Structure formats: C-alpha cells, structure tokens
Amino acid sequence: MSGPEVGSRHELERGAFPAFLASLERHGYSVVGPTVRDQAIVYGEIHRVEDLPIGWTDRPGAGSYRIERRADAALFGYNVGPHSWKRYLYPAHERLWTAERDASSFTVRPEPTDGPALALLGVRACELAAIQVQDRVFLGGAPDPGYRARRQRLLRIAVQCGQAAATCFCVSMGTGPGVAPAAADLALTELIRPERHYFLVEVGTPEGARVLEGVPLRPAAVETERAAEALVAATASSMGRTMDTSGIRDLLVLQPEHPRWEVVARRCLSCTNCTLACPTCFCSTTEEVPTLSGERVERWRRWDSCFTLGFTELHSGSARRSTASRYRQWLTHKLATWHDQFGSSGCVGCGRCITWCPVGIDLTEEVAAIRATGPPATPEAPR
Ligand code: SF4
Ligand code: SF4
C-alpha cells in the first residue's frame, strides 16, 4: 500500500482522527502533543484522541495564563502553552558520557543516542521556526550527537493556528502563522462547521505521506482549501502584539548604555523563566558527578540561563553582576547578535517569555521603548 503524494491535499474527518493516531503508532512513532495538566496545556504522551485538549483554549497574557472551555470541541483550539518542543530534542538534563576506572586510566563511554522515533503532534508555525533555529545551533559546526539522532527520527505534524493570542507576534518575526509548504512532514488545518468537523491535511515530505498509508482520506475540495486559507489569514490579522524589527541589530547593539536597561532591571527578578520557556534559548552548563569511590564519573548537561550570576562566573566573580546587564545580554543576543552568529533572529514571536515572566516584562514593549528615543548615536560597543 502506498501513501498519498508529497504536495497533495486531503480531507480527514474528525471521526477518523483515531485511525490517524493508530497509523502513527503502527509506523513506529511515539506520539507527543498537547494535553491538559495542572490547569495548563502542556506537551505529553498522546495515545488516544481523548488525551488531546478537546474543547479547551488558553488565554495567555503578560504574566498571566489560564485555560477555559471553548464553545466547540476543537482538538487544537489553543495557542501555545508553557512547554516548547525543545524539551524533546534538547532535554533539560542529559547525561553526555560516563567514565569508569580501568587498570591504568579511565574508559569513557559516550551516552547512547538511540531512542524512540517521536511524532510531534500540533506543532505551530512559530514552533517549526524555533526548531529550525535550534537546528542551526546544534547541527551547524560541530553537530551535537544526541540532538542530531533525535532530530533524524522526528516527525513534525504541524497544525495551523486558528486564533492568535494576546502575546503572539509571529507575523512581525516572519515565522507564522501559516505553515510553509514542506516546512513540516504534515500540516493540518482544523475546520469546524455546525454540520462537520474535519481537517485539511497537506503532505510535506515522503515520511509524512508514508504515515498516512491506510488512513481514510478524500481529496481536498476547493472550498476546504479556501476555508483553510481564510482561517490562517484571519489569525494573521488578529496578532496580539507587533514588533518593529527594522534595523533592530544596530538599535540594540549600539545602545549598551540606554537608560531603558535600568528601567526594566527594576522589575526583572532574574528568575530565568523567560529563557526556560523560550523555544530557542539553548545555553547550558555541564556538571561532573563522581561516585564516592572515585571509580566512575558522569558528565551531565543541563539548561542554564544568562540571567544567573553563575553563568558568567570567572576568577573574580560574575562578569554580569547587574540585572540590567543580564537583561541587556539576553535581549541583545536574542534579537541582534543572533543574526551575526546564526544568520537569523533568535526570536520566533511565540510570546512565551511575556506570559511566563512573573512580572509581565514584554520584549515587544522594551524594543519599542528603546526605539522611541530615536536611532542610536553612540559608536558600536565592543562585543
Ligand atoms: S524570545 Fe520570547 S517571544 Fe521570542 S521565541 Fe523566545 S519566548 Fe518566544
Ligand atoms: S525578564 Fe521576567 S522571566 Fe525573564 S528573568 Fe526577568 S523576571 Fe524572570
């Protein structure tokens, strides 16, 4: 049996969604996707359609988040929650290698990189862009073996956004809300009518086509394609926030002494939430964990944050002692020097850092405040 062609479009009835999930498992994938836990929509294992957040939506704001019931039974009727997919490709805590004492020295064994093939179900356009950003970090130069292995066995099932949150600004960052053709293995658009609940399915890659083998589909009608386009266009026109990114690199890099850094520092708690929730932040630290006998030592990597004092600890203490310097570092790297380093912005406009900041610091507001004082006049600061 062969699946549909790459580039083709189909309709999948809501009633056939369990058959789609079963097909993913039959093709060897463990499915992870949105689910409701602890009053939030977070990512977790999906075994049956009832594991999805049926009839729930979320209301992210600056420093606030809640979920509430929708008037319909949408499976993907939310925006983005506190989790990002990076937790599956770049785990928060990961053993890198183990060394064991032998007769004369140590034998070092790298951590095995095998594991389950994962199907990420419900990836938003901004989150696909975030995975691409992390690909440049972990696969460019010297590839990270664990990330590369996990990435190679990943299936990305995108779901187009049918609504924008108050904190969304993917249009400003050029990352959404529409999923570009072939940016995902499969792209779904959920369409809910009084008489019918169904999905437009777009096949992006051969692997996306393969997992559709045996799933009941019918060719997409023109009206379905139009309805899907209209939904994404409506989402694009209802973004909750915007950010003017013109000349943003120089705007931030050339103003290390701008008074706004001190203003934001009066609110910032250096709690690190923004970096942990961000789907692109990738800074880490490593720890050696020896046994008491000294016979064995493990090296672990865990997420770190440029907001901690220890992140820049040198012989004479932390290089960034003030909160202002740490916030400036984060924002300037994310929006400005990331371009120098990786050829793109480090921000995809998902809004998580705004929502999960306990004091509601909003990077779109900070950029606007710095821009409001006019173009930078000082010479380029040393980097
Ligand atoms: S900086 Fe904020 S808005 Fe941008 S990608 Fe990270 S969490 Fe999302
Ligand atoms: S900006 Fe907000 S989330 Fe980030 S470290 Fe400061 S207080 Fe925490």
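A few remarks follow.
- Residue match in region 168-190 (condition: open to solvent by 10 Å² or more (accessible area, probe 1.4 Å), within 27 Å of Leu363 (Cβ to Cβ), of a type in the set (S, T, N, Q) and out of contact with any strand residue (DSSP E or B) (no Cβ under 8 Å at 6 or more places or on another chain)): yes
- Looking across Ser318, Ser270, Ser325, one residue alone is out of contact with any strand residue (DSSP E or B) (no Cβ under 7 Å at 6 or more places or on another chain), at pLDDT 95 or above, open to solvent by less than 20 Å² (accessible area, probe 1.4 Å) and over 21 Å from Ala130 (Cβ atoms). It is Ser325.
- Matching residues, region 339-361, being surrounded by fewer than 16 Cβ atoms within 10 Å (Cβ to Cβ) and within 16 Å of ligand 2 (Cβ to nearest atom): Pro358, Val359, Gly360
- Of the residues making up region 41-71, those that are surrounded by fewer than 15 Cβ atoms within 10 Å (Cβ to Cβ) and of a type in the set (D, E, K, R) are Glu45, Arg48, Glu50, Arg66, Glu68, Arg69.
- Criterion: touching a residue at least 12 places away in the same chain (Cβ under 8 Å), of a type outside the set (S, T, N, Q) and in a helix (DSSP H, G or I) - qualifying residue of Val201, Val232: Val232
- Selection from region 235-253 of residues that are in a loop (DSSP other than H, G, I, E, B) and open to solvent by less than 30 Å² (accessible area, probe 1.4 Å): Met243
- In a residue-by-residue description of region 363-377, the property of being over 28 Å from Asp144 (Cβ atoms), among the hydrophobic types (A, V, I, L, M, F, W, C) and within 20 Å of the chain's Cα centre (by Cα) applies to no position.
Residue by residue, here is whether (1) part of a loop (DSSP other than H, G, I, E, B); (2) hydrophobic (A, V, I, L, M, F, W, C) holds:
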{"residue": "Ser30", "(1), (2)": "no, no"}
{"residue": "Gly33", "(1), (2)": "no, no"}
{"residue": "His47", "(1), (2)": "yes, no"}
{"residue": "Glu68", "(1), (2)": "no, no"}
{"residue": "Ala71", "(1), (2)": "yes, yes"}
{"residue": "Tyr88", "(1), (2)": "no, no"}
{"residue": "Val108", "(1), (2)": "no, yes"}
{"residue": "Asp114", "(1), (2)": "yes, no"}
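- Only one entry of Pro279, Pro216, Pro194, Pro256 meets the criterion of being part of a loop (DSSP other than H, G, I, E, B), more than 19 Å from Gly176 (Cβ to Cβ) and open to solvent by less than 40 Å² (accessible area, probe 1.4 Å), and that entry is Pro256.
- Conditions (1) farther than 30 Å from Arg109 by Cα; (2) within 15 Å of ligand 2 (Cβ to nearest atom); (3) not in a loop (DSSP other than H, G, I, E, B); number of the one not met by Leu269: (3)
- Here Pro177 fulfils each of the conditions (1) farther than 20 Å from Val348 by Cβ; (2) touching a Ser or Thr at 6+ places or on another chain (Cβ under 9 Å); (3) assigned to a loop (DSSP other than H, G, I, E, B) apart from (1).
- Residue match in region 219-228 (condition: small (Gly, Ala, Ser), assigned to a helix (DSSP H, G or I) and crowded, with 21+ Cβ neighbours inside 10 Å): yes
- When Leu75, Leu96 are checked against the criterion of being touching a residue at least 24 places away in the same chain (Cβ under 8 Å) and open to solvent by less than 40 Å² (accessible area, probe 1.4 Å), Leu75 stands alone in meeting it.
- Residue within region 136-153 that is under 19 Å from Leu231 (Cα atoms), in contact with a Ser or Thr (Cβ under 9 Å, 6 or more places away or on another chain), outside the structural domain of Thr364 (by TED's automatic domain parsing) and open to solvent by less than 30 Å² (accessible area, probe 1.4 Å) present: no
- Of the residues making up region 116-146, those that are part of a loop (DSSP other than H, G, I, E, B) and at negative phi are Pro116, Arg124, Gly140, Ala142, Pro143, Asp144.
- For region 204-229, a tally of residues being in contact with a His (Cβ under 6 Å, 6 or more places away or on another chain) and free of Cβ contacts under 8 Å to residues at least 12 places away in the same chain returns 0.
- Verdict on Leu331 being on the phi < 0 side of the Ramachandran plot, within 16 Å of ligand 2 (Cβ to nearest atom), among the aliphatic types (A, V, I, L, M) and modelled with pLDDT under 95: no
- Test for Arg101: is it basic (Lys, Arg), in contact (Cβ under 8 Å) with a residue 60 or more places away in the chain and not assigned by TED's automatic domain parsing to the domain that holds Thr291: yes
- Qualifying residue in region 200-211 (condition: touching a helix residue (DSSP H, G or I) at 6+ places or on another chain (Cβ under 6 Å) and open to solvent by 20 Å² or more (accessible area, probe 1.4 Å)): no
The values are calculated or read from the model by the stated rules, or taken from the named source; none is laboratory data. These numbers come from a predicted model, not from an experiment. Because the Cβ atoms are built from the backbone with ideal geometry, glycine has one as well, and the counts that use them run over all protein chains shown. Ligands, DNA and RNA are excluded from the accessible area calculation, which covers all protein heavy atoms including side chains. Shrake-Rupley method; radii C 1.70, N 1.55, O 1.52, S 1.80 Å.
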